[in-house]
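Asks: Take this structure first; my questions come after.
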Amino acid sequence: MASGWKSSYFRYRELFLNVSSLYKKRADLRAFLEIVLSIVAVIVFIMFAIKPTALTIISLMQQIKEERITLSALTKKVNDLQKANVLLSQSQNYLKDIEIAVSSAPSPDLFAKQIQGISAKNGVELSGVAINDVILVGSPKTSRASADIKPLPESATEMEYSISIKGNFANINSFLKDLEKLRAVSVIDGITINSSVTDSGRVIVAVISGRVPYLGSNK
């Protein structure tokens, strides 16, 4: 091992001395080596100078790409908002009817007035209107009176009611049709009809139970 590295050492030393001797004797060789070394030095300095600039350019190009994607998304959102605003303006006339159909809060007084109106229209005697407890302010109740009753769509909150009317069959039937056509949506859950004969003739009593949906203040 010792003789191996010594021989390599002497060989490379001899090569270096020969190159050094040639370098001192030949001016053209000195000029060539100086040019090569100068070019190498320039290339090294250029690489160190350009690398940060290149990295900065790459980073800026990536940021520009991301900004373009963000701008495209924002432009799409603005266009969608403009379309929604146009649709809202076109549907503004229907909002009042929608609010009446399914209001955001229970309106037992309005519902009772509508029942009085259709009872007078159809010539039936309104014996009574009962509305179960409702929360006018605050969170509505979530409990249901009966598990057998089908839930309202979209889990809407409900105002339960019971209506008692008297009259002949044709008038009661007309009352029920108008009840189903009320502007305020009403779900009829059950109808009980009793018929009796009095001194004034046959009397039919109908008890109608149902629910009026509303959105509730927590929706």
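Asks: Out of the range 190-219, which residues are under 48 Å from the mean Cα position of the chain (by Cα), at negative phi and at pLDDT below 85?
Replies: Listed by number, the residues that qualify are Val212, Pro213, Tyr214, Leu215, Ser217, Asn218, Lys219.
Asks: Here is a follow-up. Can you work out which of the residues in the range 77-100 that are at pLDDT 80 or above and among the basic types (Lys, Arg) is farthest from Lys177 (Cα to Cα)?
Replies: At the first step, the residues of the range 77-100 found to be at pLDDT 80 or above are 77-87.
Subset that is among the basic types (Lys, Arg): 77, 83.
Values: Lys77: 46, Lys83: 39 Å.
Going through the qualifying residues, I end up with Lys77.
Asks: Within the range 162-175, how many residues are surrounded by 17 or more Cβ atoms within 10 Å (Cβ to Cβ) and under 13 Å from Ile115 (Cβ atoms)?
Replies: The number of residues fulfilling the criteria is 3.
Asks: A further question follows. Here are some conditions: (1) assigned to a loop (DSSP other than H, G, I, E, B); (2) hydroxyl-bearing (Ser, Thr, Tyr); (3) modelled with pLDDT of 80 or more. Ser103 meets all but one. Which one does it not meet?
Replies: That leaves (3) as the condition not met.
Asks: Tally up the residues in the range 160-194 that are closer than 16 Å to Val124 by Cα and touching a helix residue (DSSP H, G or I) at 6+ places or on another chain (Cβ under 7 Å), please.
Replies: So the answer is 7.
Asks: Any residue at all in the range 108-115 that's part of a strand (DSSP E or B), at pLDDT 70 or above and loosely packed, with under 13 Cβ neighbours inside 10 Å?
Replies: No, every residue in the range 108-115 fails to be part of a strand (DSSP E or B), at pLDDT 70 or above and loosely packed, with under 13 Cβ neighbours inside 10 Å.
Asks: Just the residues that are of a type in the set (S, T, N, Q) and touching a residue at least 12 places away in the same chain (Cβ under 8 Å), please, taken from the range 165-193. Walk me through how you get there before you give the answer.
Replies: Looking only at the range 165-193, we keep the residues that are of a type in the set (S, T, N, Q), and these are 168, 171, 173-174, 186, 192.
Matches in the range 165-193: Asn168, Asn171, Ser174, Ser186, Thr192.
Asks: Shifting gears a bit: Name every residue in the range 195-212 that is surrounded by fewer than 10 Cβ atoms within 10 Å (Cβ to Cβ) and within 15 Å of Ser127 (Cβ to Cβ), in order of residue number.
Replies: So the first thing to find is which residues in the range 195-212 are surrounded by fewer than 10 Cβ atoms within 10 Å (Cβ to Cβ), and the list is 196-201.
Passing the criteria: Ser196, Thr198.
The values are calculated or read from the model by the stated rules, or taken from the named source; none is laboratory data. A quick note: this is a predicted structure, and the numbers were derived from the prediction, not measured. Note: ideal-geometry Cβ built from the backbone for every residue, glycine included; neighbour counts use all protein chains shown.
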